[in-house]
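**Student:** Handing you this structure, nothing more for now.
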Amino acid sequence: MKILRNISLKQYNTFGIDVIAKQFVEIASPEELKQIIALYPDCFIIGGGSNMLLTKPIEKLVVKLNLKGIEETPCKTADNTVYVSALAGENWHDFVLWCISKNYGGLENLSLIPGSVGACPIQNIGAYGVEVKDSITKVEVLEVATSKIVSLTNADCQFGYRNSIFKSPLKDKYIILKVTFKLTTKQHQLHLDYGAVKLELGGLSSPSLSQISDAIIKIRASKLPNPKDIGNSGSFFKNPIISQKHFYKLLKSHPNMPFYKMEENLIKIPAGWLIEQCGLKGKRFGDAGVHNKQALVLVNYGKATGKDILKLAQLIQNSVKSAFKIDLQTEVNIFS
């Protein structure tokens, strides 16, 4: 391991924000990570860099996780099940495609989500009716305080909507090393309820995993910018969940407001729609902007700083709060 100094993190975050890491190291094994943690317990861990906004230089040692490897274990009690474990540094989309190539079902609706395997439990990533918590059975972590490797069950992770125990209260206390998924090998439980998915599949009643993945890739590519082309971190805000009382009050003045019914008389509203109603879709403020096809995505047109993106995010939050009395929460982790 070689610790580098004064390294730009521009290529290590999908927003393409050019901030300096005072010290930087890449690690390729849990043993190397243990050594680093022993010396730098307060280090700054990054994976795929797809879910963070950097607003200032990083004074701590930045550790880039490059843990790679995939293992599969047949289930001894069910011939329709396989357990697949992937190390934290694996690219998420590549891992999903690997599972599909093996005809392992459960993750196909999560195709083309940027980031690494290690980041997926933190956010409990989800799309098109599926959340990653539905498939995760175990998360192996390194406990920073003791340098011990600990195994957490699905229940231990306390998954919620775009949330988990790794965001709070265990933020910065555990480093995810490996994630194990329970997937199907046949008789897959397909999730095709979203209208856009049905439309793209052209009415197929029993599409293959590859056909579902291809459809979702096409839908996402048509709406979301590729970070390789323009800096972004995907969905910047969570879709807010409000009470039925609040919803019906808003519905009087916005009868065409899209919504999704949740449990316990709660309603989820698309954040992108709220932002669009505030007239901000496609707006640009210097090199920081709101994407012209999906208002939920904030973009860096080239030279925006993290503070520029954050200022735009706060403008959006204030606008939605003023118009709808709804507090938008960020899905992206902001380091300021």
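Read-outs: derived from the displayed coordinates by stated rules, not from any lab. The structure displayed is predicted, hence computed values, not measured ones. Note that we place each Cβ from the backbone using ideal geometry, even for glycine, and neighbour counts take in every protein chain shown.
**Student:** Binned at 5 Å from 0, what are the whole-percent values of the Cα-Cα distance distribution for region 179-336, short to long?
**Tutor:** Percent of Cα pairs in each bin: 2, 8, 15, 16, 16, 16, 14, 9, 4, 1, 0.
**Student:** Let me ask something additional. Residues with amide H under 5 Å of N300's amide H, sequence separation 5 or more or different chain, H placed in the peptide plane at 1.01 Å from N; which?
**Tutor:** Sorted by chain and number, the residues that satisfy this are G231, N232.
**Student:** Moving on to the next point. So what are the ³J(HN,Hα) numbers for region 81-89, from phi and the Karplus equation (6.51, -1.76, 1.60; θ = phi - 60°), rounded to whole Hz, Gly and Pro as x?
**Tutor:** Karplus-based 3J(HN,Hα) across region 81-89 equals 10, 9, 9, 10, 10, 10, 6, 4, x Hz.
**Student:** Fewest to most neighbouring Cβ within 10 Å: what's the order for I309, I100?
**Tutor:** Least crowded to most crowded, the residues run I100, I309.
**Student:** FRET efficiency for Y248 and T185, Cβ-Cβ distance as r, R0 = 56 Å, nearest 0.05?
**Tutor:** Efficiency, from the Cβ-Cβ distance: 0.80.
**Student:** Right, here's the next one. So, in Å, what gap is there between the alpha-carbon centers of region 268-287 and region 158-235?
**Tutor:** 23 Å
**Student:** Step through the residues of region 30-40 one at a time and calculate ³J(HN,Hα) from phi using the Karplus curve (6.51 cos²θ - 1.76 cosθ + 1.60, θ = phi - 60°), rounding each to whole Hz and writing x for Gly and Pro.
**Tutor:** Computed from phi, the couplings for region 30-40 are x, 5, 4, 5, 4, 4, 5, 5, 4, 8, 10 Hz.
**Student:** Before rounding to the nearest 500, sum -39500 (n - 2.57) across all DSSP H runs of length at least 4 in the chain and divide by the residue total; then give [θ] at 222 nm in deg cm²/dmol.
**Tutor:** Using -39500 (n - 2.57) per qualifying helix, the result is -7000 deg cm²/dmol.
**Student:** Nearest 5 percent is fine: what portion of the DSSP beta bridges confined to region 1-113 is antiparallel?
**Tutor:** Taking every DSSP beta bridge with both residues in region 1-113, the antiparallel ones total about 50 percent.
**Student:** Between E264, E59, E108, find the one with the highest GNM mean-square fluctuation for the chain; connect C-alpha pairs within less than 10 Å.
**Tutor:** E264
**Student:** What distance in nm separates the simple spin-label points at L39 and M262, each placed 7 Å from Cα in the Cβ direction?
**Tutor:** Going by the 7 Å Cα→Cβ label model, 4.5 nm.
**Student:** Please state the relative contact order of region 122-275 as a whole percent: Cα pairs under 8 Å, 6+ residues apart?
**Tutor:** About 17 percent, as a whole number.
**Student:** Order the peptides 287-293, 43-49 from the highest to the lowest mean number of other Cβ atoms within 10 Å of their residues.
**Tutor:** Ranking, from highest mean packing down: 43-49, 287-293.
**Student:** Which one, N6, P30, G48, is farthest towards the positive end of the dipole of region 4-65 when Lys and Arg carry +1 and Asp and Glu -1 on their Cβ?
**Tutor:** Towards the positive end, the residue furthest out is N6.
**Student:** K245: which lysines have alpha carbons under 25 Å from its alpha carbon, excluding same-chain residues fewer than 8 sequence positions away?
**Tutor:** Filter leaves K261, K268, K321, K325.
**Student:** Give me L112, L199 ranked fewest to most by other Cβ atoms within 10 Å of their Cβ, as a rough exposure proxy.
**Tutor:** Exposure proxy ranking, most exposed first: L199, L112.
**Student:** Using just the C-alpha positions of the chain as equal point scatterers, what log10 of I(q)/I(0) does the Debye formula give at each q in 0.07, 0.12, 0.13 1/Å?
**Tutor:** -0.30, -0.92, -1.07
**Student:** While we're looking at this one, here's another question. What ranking of S208, S222, S164 emerges when the number of other C-beta atoms within 10 Å of each C-beta is taken as an exposure proxy, fewest first?
**Tutor:** S222, S208, S164
**Student:** Go through F166, N239, G203 and say which Cα lies farthest out towards the positive end of the charge dipole of region 160-299; charges sit on Cβ, +1 for Lys and Arg, -1 for Asp and Glu.
**Tutor:** F166
**Student:** Could you sort the peptides 146-155, 270-279 by per-residue average Cβ neighbour count (10 Å cutoff), highest mean leading?
**Tutor:** Output ranking for 146-155, 270-279: 270-279, 146-155.
**Student:** Return the whole-Å distance between the Cα centroid of region 303-328 and the Cα centroid of region 77-109.
**Tutor:** 36 Å
**Student:** List the lysines whose Cα lies under 16 Å from the Cα of K102, skipping any in the same chain that are fewer than 8 positions away.
**Tutor:** Partners found: K182, K186.
**Student:** Among 210-218, 181-189, how do they line up from the highest to the lowest mean number of other beta-carbon atoms within 10 Å?
**Tutor:** Packing order, densest peptide first, comes out as 210-218, 181-189.
**Student:** Search the structure for amide H atoms under 5 Å from the amide H of G105, placed 1.01 Å from N in the peptide plane, and list their residues when 5 or more places away or on another chain.
**Tutor:** So G105 has HN proximity to T184, T185.
**Student:** Right, here's the next one. Hey, what do the phi angles of region 102-107 turn into as Karplus ³J(HN,Hα) couplings, whole Hz, using 6.51/-1.76/1.60 and θ = phi - 60°, x for Gly and Pro?
**Tutor:** Result, ordered by residue: 9, 6, 9, x, x, 10 Hz.
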